[in-house]
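Throughout, read-outs are computed from the coordinates displayed, never taken from laboratory work. The model shown is predicted, which means the values in this text are computed figures rather than measured ones. Every residue, glycine as well, gets a Cβ built from its backbone with ideal geometry; the counts of neighbours run over all protein chains shown.
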């Protein structure tokens, strides 16, 4: 498995991603009832999205705290973020929901933030250096 020595830039972006996931997750989880009418999405949908974000925030915080990381873990974070952005757009164009103007703005804004954070994670990955791992240590 390929590892990287994560740059401080990457660790900071992962921490930012974790904080954004936690904040959005808490907002959607606990404020779903109040937000449903404002955004035009069912409360259960908003709550479910929020509950998905909370464990993601924990994983991102863990990754942000590590200097050495599997390269695959960062690729997974980037890939999941890309899927999140794509799903956000799909939610708006699919006709599954009838979001309000505020709901559309909310979905587009959070998708834009995720896209920017993802690009920053790509930059952080490029600033990180590969690490050679002894195969004997991996067998333990």
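Would you mind computing Rg(Cα) / (2.2 N^0.38 Å) for segment 1-135, counting N as its residues? Please list the in-between numbers first.
On the way: Rg = 16.5 Å, N = 135, 2.2 N^0.38 = 14.2 Å.
Normalised by 2.2 N^0.38 Å, the Cα Rg of segment 1-135 equals 1.16.
Nearest 10 degrees is fine. How inclined is helix 101-127 to the longest principal axis of the chain, computing both from alpha carbons?
That works out to roughly 10 degrees.
If R0 is 35 Å, what FRET efficiency do you get for residue 45 and residue 9 from their C-beta distance, rounded to 0.05?
0.50
Treating the angle as unsigned and between 0 and 90°, give the value, to the nearest 10°, between the Cα long axis of helix 8-39 and the longest Cα principal axis of the chain.
Computed tilt is about 20 degrees.
In what order do 84, 96 fall by count of nearby beta-carbon atoms within 10 Å, going from fewest to most?
Lowest to highest Cβ neighbour count: 96, 84.
Is the shape of segment 57-133 best called rounded, prolate or oblate, per the rule: a/c under 1.5 gives rounded, else a/b larger than b/c gives prolate, else oblate, with a ≥ b ≥ c the square roots of the Cα gyration tensor eigenvalues?
prolate
Starting from 0.36 nm per residue, how many nanometres of slack lie between residue 98 and residue 126 once their C-alpha separation is accounted for? Before the final figure, lay out each step's value.
Details: separation 28, 0.36 × 28 = 10.08 nm, distance 4.00 nm.
That pair, residue 98 and residue 126, stretches by 6.1 nm at full extension.
Quick one: angle between helix 71-93 and the longest Cα principal axis of the chain, in degrees between 0 and 90, rounded to 10, please.
Between the helix axis and the principal axis of the chain, the angle is about 10 degrees.
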